[in-house]
Amino acid sequence: MKTSKLLLLTFIGLILSIMTVTIDLLDRDRFISADMLPTAAKTYLQKYFPDGNVAYAKIKNDIVKTTYEVGVNNGYELEFTNDGMLLDVDY
């Protein structure tokens, strides 16, 4: 009886640890090249920032959604949805 309880608690602890690590990995931002942006985001950048001065691009993975953040050399920061639609612009 004690062995099965200990085994159950160990299993639950292992599952919780795996879930914590998985959530932590999903909730990380990582830098990508501008070529890896969705097509609609690249089209927007080419239209409104024709010089192509992208300072950085990163993918932001949250548990619920994925977005793309793009910094342009003139100080603008843009955020796009997973399919490349513009969400927000900051200067």
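Data overview
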| read-out | value |
| --- | --- |
| Helix 2-26 axis, angle to the chain major axis (alpha carbon atoms, nearest 10°) | 0 |
| Interatomic Cα distance distribution for the chain, bins of 10 angstrom, percent | 16, 37, 17, 12, 10, 7, 2, 0 |
| Residues of the chain: accessible area per residue with a 1.4 Å probe, Å² | 74 |
| Of all accessible heavy-atom area on the chain, the percent that carbon and sulfur account for (1.4 Å) | 60 |
| Within the chain, helix-based [θ] at 222 nm, where runs of 4 or more DSSP H residues each add -39,500 (n - 2.57), nearest 500 | -13000 deg cm²/dmol |
| Two-site FRET efficiency, residue 16 against residue 60, from Cβ-Cβ distance with R₀ of 22 Å, rounded to 0.05 | 0.30 |
| Residue 58 accessible area, assembled protein chains, probe 1.4 Å, Å² | 40 |
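The values are calculated or read from the model by the stated rules, or taken from the named source; none is laboratory data. Because the structure is predicted, anything quoted here is derived from the model rather than measured. Methodologically, a virtual Cβ is constructed for each residue, glycine included, from the backbone with ideal geometry; neighbour enumeration extends over all protein chains shown. The area values use the complete protein model at the heavy-atom level, side chains included, leaving out ligands, DNA and RNA. Shrake-Rupley method; radii C 1.70, N 1.55, O 1.52, S 1.80 Å.
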